[in-house]
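Every read-out reported here was derived from the displayed coordinates using simple, explicitly stated rules and does not represent laboratory data. The structure presented is a predicted model; accordingly, all values stated were derived computationally and were not measured. Note that we place each Cβ from the backbone using ideal geometry, even for glycine, and neighbour counts take in every protein chain shown.
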Amino acid sequence: MNSTATELNRKVFLILISIVVLLCSLLLPNTTYSQVDTFEFDTEEQQDRFRTLSDELRCPMCQNSSLSGSTGGVAEDLRREVHRMIMEGMSDSEIIQFMFERYGDFILFRPRLTAGTVFLWFGPLLFLFIGGLFAFGIWRRARTITDSDTELDKTQQKRLQQLLGDKT
């Protein structure tokens, strides 16, 4: 009788664990249920242009996500807008110019080279150059240090002995 009760307890435990796992899986977000934009295009070339533009344009709401990689509402609206402009026959440069006028340089993953973006493009090289100059200066100063510069003279040795003697 004892083994049947143990087996019954084991079955009840397994059923409870199964229910908990099932409930947890239902509560967790699932990407298979997320909405996918489906756009109809007349030609394969239009579809390729849409993919390219969606990859080149940044979502204004997301920090580092393209329109194609973002699930935000703003990105969905902009994808619809890009689709509409492609279907109306606008060129890629016209679409990019429209987005640039509306959102500024931030919308472009590769911002244009202008007076306002010069530091953005060449700033890392400038910092690398300045860092190289500092490293060269430190290296040059380290080469000029000799053993005589690191040795203590008699007064410094006497003072050191006094300090060490006082502490011991």
**Item:** Surface/4 estimate of mean projected area, convex hull on alpha-carbon atoms of the chain, nm²
**Value:** 28.7
**Message:** Among Arg143, Arg80, Arg112, which one shows the highest mean-square fluctuation when the chain is modelled as a Gaussian network with alpha-carbon springs under 10 Å?
**Reply:** Arg143
**Ordering of 41-51, 68-78 by burial proxy (mean other Cβ atoms within 10 Å per residue, highest first)** = 68-78, 41-51
**Modelled FRET efficiency - R0 22 Å, Asp92 with Gln63, Cβ distances, 0.05 increments** = 0.35
**Asked** Do the sum for the chain: with -39,500 (n - 2.57) for every DSSP H run of n ≥ 4, divided by all residues, what is the mean residue ellipticity at 222 nm, to the nearest 500 deg cm²/dmol?
**Response** -22000 deg cm²/dmol
**Asked** With each label point set 7 Å from Cα along the Cα-Cβ vector, what nm distance links Leu133 and Arg110?
**Response** 3.0
**Asked** Percent relative contact order of the chain, based on C-alpha pairs within less than 8 angstrom and at least six residues apart?
**Response** 14
**Prompt:** Taking a quarter of the surface of the Cα convex hull of segment 122-167, what do you get in nm²?
**Reply:** 5.3
**Complete:** FRET efficiency for Arg80 and Leu120 from the Cβ-Cβ distance with R0 = 45 Å, rounded to 0.05, comes out at 0.95
